[in-house]
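Single-structure report; data block below.
Nothing in this text is a laboratory measurement; each read-out follows from the coordinates by a stated rule. Quick caveat, the model's predicted, so the values are computed rather than measured. We place every Cβ from the backbone using ideal geometry, glycine too, and count neighbours over all the protein chains shown.
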Amino acid sequence: MAKKITIEPVTRVEGHGKVTINLDDQGNVSQTRLHIVEFRGFERFVQGRPYWEAPVLVQRLCGICPVSHHLASAKAMDVIVGAGTGNGLTPVGEKMRRLMHYGQMFQSHSLHFFHLASPDLLFGYDSDPAKRNVIGVAMTNKDLAVQAVFMRKFGQEIIAATAGKKIHGTGAVPGGINKNLTKEERDKFLKGKDPLNADKMIEWAQASIEFFKDYYKKNKEFIDNFSQFPSNHLSLVRKDGALDLYHGVLRAVDANGKKIFDKVDTQDYLKYIREEVKSWSYMKFPYIKQLGPEKGWYRVGPLARLNTADFIPTALAQKEFETYKAVTKGKPNYMCMHTHWARLIELLHSAEMIKKLLNDPDLQKENLVKTGKRQKEGVGIIEAPRGTLFHHYAVDANDRITMANLIVSTTNNNEPMNRAVNYIAKAMMTKKPQITEGMMNAVEVGIRAYDPCLSCATHAYGEMPLEITLRNAKGKVIDIKRK
Amino acid sequence: MKGIKKIKILIYGYGNPGRQDDGLGILFSEAMEEWAKQNGIKGITCDSNYQLNAEDSQSMSENDIVIFADATKNKIRNIKYKEIKPGKIISFSTHSMSPESVLALCKELYNSKPRTYLITIKGYRWAVNGEVTKKARENLDKALEYIKKFILIKSYVD
């Protein structure tokens with residue numbers, strides 16, 4: 001009998017998602033879909049508002065990655081106020097923004113690996129869900145859990161020092177920033193009492209990579225083969241090809257590493273990226289224009305970034321990058337679980353960048369803002385923790401926003417996440433009479449590798465159950481499981 | 001009122017103030033901070049964020065009493081106040097934790113178990129483009145009144 005399996009909502013990802021898996025009469029997976037209810041009202045909400053409000057307003061979009069939206073919006077507004085397209089800010093302006101951004105990357109990557117991914121690795125994705133969480137990690141590997149807490153805290157404090165406050169930060173303004181870093185703040189992060197200082201964070205970031213590599217040695221088959229499928233990859237890179245999470249030019253490579261496009265100015269993204277609408281999902285499907293929607297879909301995020309970048313401009317992360325690249329002999333890596341490895345290399349890079357920036361005397365300079373000839377339109381693109389984030393605005397003569405277009409990281413990864421669900425479902429659910437906890441969580445593990453953030457900042461305390469609905473060929477519900 | 005008697009209290013509001021009534025927890029924390037400041041009470045620490053997370057377990061461990069404040073869309077009259085016990089089942093949401101799970105983490109990592117309470121304040125609207133509703137603000141006032149009395153009645157303040 002044909003069945004329809006619904007997993008709703010996807011657990012441990014933000015917002016509400018629903019996975020449906022259709023089985024045919026022979027028990028083979030015939031169709032899979034990841035449905036995500038994306039919040040699109042924001043683009044209309046900002047229309048009519050003064051452009052300078054946007055970097056603060058956009059933080060209403062999401063309580064998970066507000067810093068990324070804050071900075072992407074501010075970068076777009078830099079263009080509007082005539083401060084150039086990424087290279088026009090004063091040194092203190094750009095470096096304070098970078099410090100904020102690397103603080104965000106550091107805390108976000110720490111959260112994802114230690115709180116979300118490590119329970120799956122430590123206990124196995126088919127283990128008891130009551131144990132497979134951060135509290136389970138705390139009970140069995142206390143040192144790892146304590147490190148995670150302090151790494152998150154360090155990143156959060158960097159954000160508070162650069163953005164001005166933890167909630168609805170105001171640090172980035174059109175054309176620059178509204179505060180520099182005092183020497184007291186700098187010394188707190190550089191020479192703070194253990195463990196809250198930059199050196200300890202670098203040490204722990206290195207240890208986290210060793211933790212993963214050790215796990216990889218023992219579980220190579222799982223890490224290499226779980227949900228691996230080829231794709232294109234897209235990200236910002238520095239003009240010389242270096243990894244740069246704050247600014248650069250757009251580069252896309254195919255599954256063999258051949259460049260699809262390179263050195264694309266961020267202001268020209270619309271010449272290269274299009275979005276497709278599908279009737280069954282509220283979330284759009286971006287693709288590379290010259291390849292079309294069927295072949296032009298791409299990955300973004302840590303895995304993609306380490307496929308597009310030629311090198312990492314910090315010594316320790318570069319060394320780890322070389323080890324990582326050797327696994328695929330320099331070719332693009334499309335093994336889903338290697339995303340965690342890539343994320344940890346970026347974690348180390350972020351810690352190194354934080355230390356480098358803190359030692360830069362430009363952060364104490366006073367010329368915070370730069371403006372020039374007013375423009376009508378601006379694009380701000382940033383590499384958010386989850387991947388490339390696009391903010392595009394048009395502004396009228398009265399300084400009011402007339403158009404906003406946002407392509408968030410999770411939208412960029414829409415097709416890859418759908419493919420991941422399909423891959424896992426075919427591997428684990430074909431001809432299986434029952435859906436086990438392990439099967440359910442395998443689907444989630446595949447999605448979770450992309451660290452999706454579904455823009456659901458309005459939290460609903462206690463309202464995130466996991467529900468599986470089984471339907472027969474006629475659509476009748478034959479079983480529901482909830483946890 | 002001069003100071004907290006021997007004990008330390010952490011008041012922690014969470015939510016997104018950009019989403020109308022979702023910001024009630026933040027407003028609660030800010031109002032309590034102002035109240036403590038106006039009355040010269042030095043033992044109360046007030047903090048807030050978009051959501052609770054693992055690092056909050058460390059802040060909790062440095063206090064004797066923790067009061068979390070959050071907005072709710074659940075069917076309660078105005079406000080609901082309850083003591084929280086450590087919870088082993090973690091919430092499914094990726095990037096946030098429940099008060100019970102943060103308390104459990106506090107116990108596991110720091111061997112600390114502060115008395116922890118959660119005051120939930122009923123909200124009504126959650127859009128990006130609006131202010132806190134009038135009814136929610138009335139509920140916020142009730143919550144503030146309740147907690148101030150709680151602190152005073154328990155003789156936590158000299």
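Scanning residues 5 or more positions from A:Ala384 or on other chains, those with amide H under 5 Å from its amide H are A:Leu389, with H placed 1.01 Å from N in the peptide plane. The calculated FRET efficiency for the pair A:Lys239 and A:Ala326, based on their C-beta separation and a Förster distance of 25 Å, comes to about 0.45. With R₀ set to 56 Å, the beta-carbon distance separating A:Leu196 from A:Lys432 gives a calculated FRET efficiency near 0.70. For segment A:416-424, the Karplus equation 6.51 cos²θ - 1.76 cosθ + 1.60, evaluated at θ = phi - 60°, returns couplings of x, 5, 4, 5, 4, 4, 4, 4, 5 Hz by residue, with Gly and Pro reported as x. Assign one of three labels to segment A:248-352, namely rounded, prolate or oblate, based on the Cα gyration tensor with a ≥ b ≥ c the square roots of its eigenvalues; rounded applies when a/c is under 1.5, prolate when it is not and a/b is larger than b/c, and oblate otherwise. Taking the square roots of the gyration eigenvalues as a ≥ b ≥ c, segment A:248-352 is prolate. Provide the FRET efficiency to the nearest 0.05 for the A:Asn398-A:Leu291 pair, computing r from the beta carbons and using R0 = 45 Å. E(calc), rounded to 0.05, equals 0.65. Close amide H pairs (under 5 Å, H built 1.01 Å from N) link A:Met283 with A:Ile36, A:Glu38, residues at least 5 positions away or on another chain. Take the alpha carbon gyration tensor of chain A, find the square roots of its eigenvalues, order them as a ≥ b ≥ c, and report rounded if a/c is under 1.5; if not, report prolate when a/b exceeds b/c, else oblate. Prolate, since a/c reaches 1.5 and a/b exceeds b/c.
Subtract the Cα-Cα distance of A:Lys259 and A:Lys220 from 0.36 nm times their separation in residues, and report this length gain in nm to one decimal.
11.1 nm
Remark: relative contact order (chain A) = 27 percent; criterion is Cα-Cα distance under 8 angstrom and separation of 6 or more residues. Taken about its Cα centre, segment B:9-153 carries a charge dipole of roughly 680 debye when the Cβ of each Lys and Arg holds +1 and the Cβ of each Asp and Glu holds -1. Taking 0.36 nm per residue of sequence separation and removing the Cα-Cα distance, the A:Val277/A:Gln364 pair yields an extension gain of 26.6 nm.
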